[in-house]
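Participant: Here it is, the structure in full.
The values are calculated or read from the model by the stated rules, or taken from the named source; none is laboratory data. These numbers come from a predicted model, not from an experiment. Counting neighbours? That spans all protein chains shown, and the Cβs are built from the backbone with ideal geometry, glycine included. Accessible surface areas use protein heavy atoms only, side chains included; no ligands, DNA or RNA. Shrake-Rupley method; radii C 1.70, N 1.55, O 1.52, S 1.80 Å.
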Amino acid sequence: DAMVIQNPRYQVTQFGKPVTLSCSQTLNHNVMYWYQQKSSQAPKLLFHYYDKDFNNEADTPDNFQSRRPNTSFCFLDIRSPGLGDAAMYLCATTQLAGETQYFGPGTRLLVL
Amino acid sequence: SQQGEEDPQALSIQEGENATMNCSYKTSINNLQWYRQNSGRGLVHLILIRSNEREKHSGRLRVTLDTSKKSSSLLITASRAADTASYFCATEENFGNEKLTFGTGTRLTIIP
């Protein structure tokens, strides 16, 4: 089935050690989003790509970077994870911006 | 932030009863969407209602939208244990900025 896949589902990293989370989609959607979600909170948009155009949210820390090498894949790089970066990271896609988003299962990041 | 507010924050009802949750938002919108999130998982799209629509149904779900009051409600009829989840509203603001703004969420618990 067409879907949004996130790997790994759980990621443990050490304070300050770079980590990369990946997202892939078989929906051939133009738009891909990365959200951060902390416990009992709403998803918070970090950035999104419309095709190759990168759109960063104003309050996304510089510590967070993203790459989209092709339509199917998008990566979230956290250059120096802090304890406050422990969260669920959600990837989502949509064909038409502002319309229904299709979410992956998320990657839960733990920072030790 | 244009984040919406959801009410109540948490709701517990007996199986078979109806559950109603409300969402308020701050800006003019193109559409409003409802998503469900099971614990530790990604979000699943439930229903989308456009700004020129007042009510929409999908199975046991009924969504209303009042743009004059900037509010929406989600009604789940004949609730089941499997409906236990967090429910988020999300709005697309009407100047086409390619993203959704999520509400704070309602945690629904169905008691068997």
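Participant: Among B:Thr109, B:Leu75, B:Val63, whose Cα projects farthest towards the positive end of the dipole of the protein assembly as shown, with charges put on the beta-carbon of Lys, Arg (+1) and Asp, Glu (-1)?
Facilitator: Of the options given, the answer is B:Thr109.
Participant: Another question, if that's okay. Need one number: buried accessible surface between chains A and B, 1.4 Å probe, both sides summed, DNA, RNA and ligands left out, in Å² to 100.
Facilitator: Answer for the A-B pair: about 1700 Å² buried.
Participant: Here's something else I'd like to know. Say R0 is 45 Å: what FRET efficiency, to the nearest 0.05, do A:Asp77 and B:Asp66 get from their beta-carbon distance?
Facilitator: 0.60
Participant: Report the extension gain between B:Asn52 and B:Thr109 in nm, rounded to one decimal, defined as 0.36 nm multiplied by the number of residues separating them, less their alpha carbon distance.
Facilitator: 17.3 nm
Participant: Further, regarding this structure: If B:Lys56, A:Lys17 are ordered by their accessible area, calculated over protein heavy atoms with a 1.4 Å probe, which sequence runs from highest to lowest?
Facilitator: If we order B:Lys56, A:Lys17 from most to least accessible, we get A:Lys17, B:Lys56.
Participant: Only loop residues by DSSP count here, and only those with at most 15 other Cβ atoms within 10 Å; note down the chymotrypsin sites (Phe, Trp or Tyr not before Pro) in the stretch A:1-50 that meet that.
Facilitator: A:Phe15
Participant: Which whole-number percentage describes the relative contact order of the stretch B:5-111, with Cα contacts under 8 Å and a sequence gap of 6 or more?
Facilitator: 38
Participant: Under 30 Å between alpha carbons: how many lysine pairs meet that in the protein assembly as shown, if sequence neighbours fewer than 8 apart on the same chain are excluded?
Facilitator: 24
Participant: While we're on this one: For labels at B:Ala78 and A:Arg9 in the simple 7 Å Cα→Cβ model, what's the distance in nm?
Facilitator: 3.2
Participant: Here's something else I'd like to know. ³J(HN,Hα) across the stretch A:42-48 via Karplus (A = 6.51, B = -1.76, C = 1.60, θ = phi - 60°), whole Hz, x for Gly/Pro?
Facilitator: 3J(HN,Hα) across the stretch A:42-48, in whole Hz: 6, x, 10, 5, 8, 6, 8.
Participant: Where Lys and Arg each count +1 and Asp and Glu each count -1, what net charge lies around A:Lys17 among other residues with Cβ under 13 Å from its Cβ?
Facilitator: After counting each charged neighbour, the total is -1.
Participant: Just add up the charged neighbours of B:Arg41: K/R +1, D/E -1, any other residue whose Cβ is under 13 Å from the Cβ of B:Arg41.
Facilitator: In short, +3.
Participant: Could you report the accessible area of B:Arg41 in Å², rounded to 10, computed with a 1.4 Å probe on the protein chains as they sit in the structure?
Facilitator: B:Arg41 exposes around 110 Å² with every protein chain in place.
Participant: Putting +1 on Lys and Arg Cβ atoms and -1 on Asp and Glu Cβ atoms, find which of A:Asn55, A:Gln11, A:Thr94 reaches farthest to the positive end of the dipole of chain A.
Facilitator: A:Gln11
Participant: Which net charge results when you count Lys and Arg as +1 and Asp and Glu as -1 among the other residues whose beta-carbon is under 11 Å from that of A:Val31?
Facilitator: -2
Participant: Residues of the stretch A:25-54 with accessible area at least 50 Å² lower in the all-protein-chain context than alone (1.4 Å probe)?
Facilitator: Those are A:Ala42, A:Pro43, which lose 50 Å² or more relative to the chain on its own.
Participant: Summarise the accessible area of the stretch A:4-103 (1.4 Å probe, protein heavy atoms) by the percent that is carbon and sulfur.
Facilitator: Roughly 49 percent of what the probe reaches on the stretch A:4-103 is carbon or sulfur.
Participant: What does the accessible area per residue of the protein assembly as shown come to in Å², with a 1.4 Å probe and no ligands, DNA or RNA counted?
Facilitator: 47
Participant: For chain B, place one equal point scatterer on every Cα, skip the solvent, and apply the Debye formula. What is log10 of I(q)/I(0) at q = 0.10, 0.12, 0.13, 0.18 Å⁻¹?
Facilitator: Debye curve over Cα of chain B, log10 I(q)/I(0) at q = 0.10, 0.12, 0.13, 0.18 Å⁻¹: -0.26, -0.37, -0.44, -0.83.
Participant: I'd like the distance separating the alpha-carbon centroids of the stretch A:12-27 and the stretch B:1-65, in whole Å.
Facilitator: 30
Participant: Taking the Cα centre of chain A as origin, sum charge times position over the Cβ atoms of Lys and Arg (+1) and Asp and Glu (-1), and report the length of that vector in debye to the nearest 20.
Facilitator: Using Cβ point charges on Lys, Arg, Asp and Glu, chain A gives about 360 debye.
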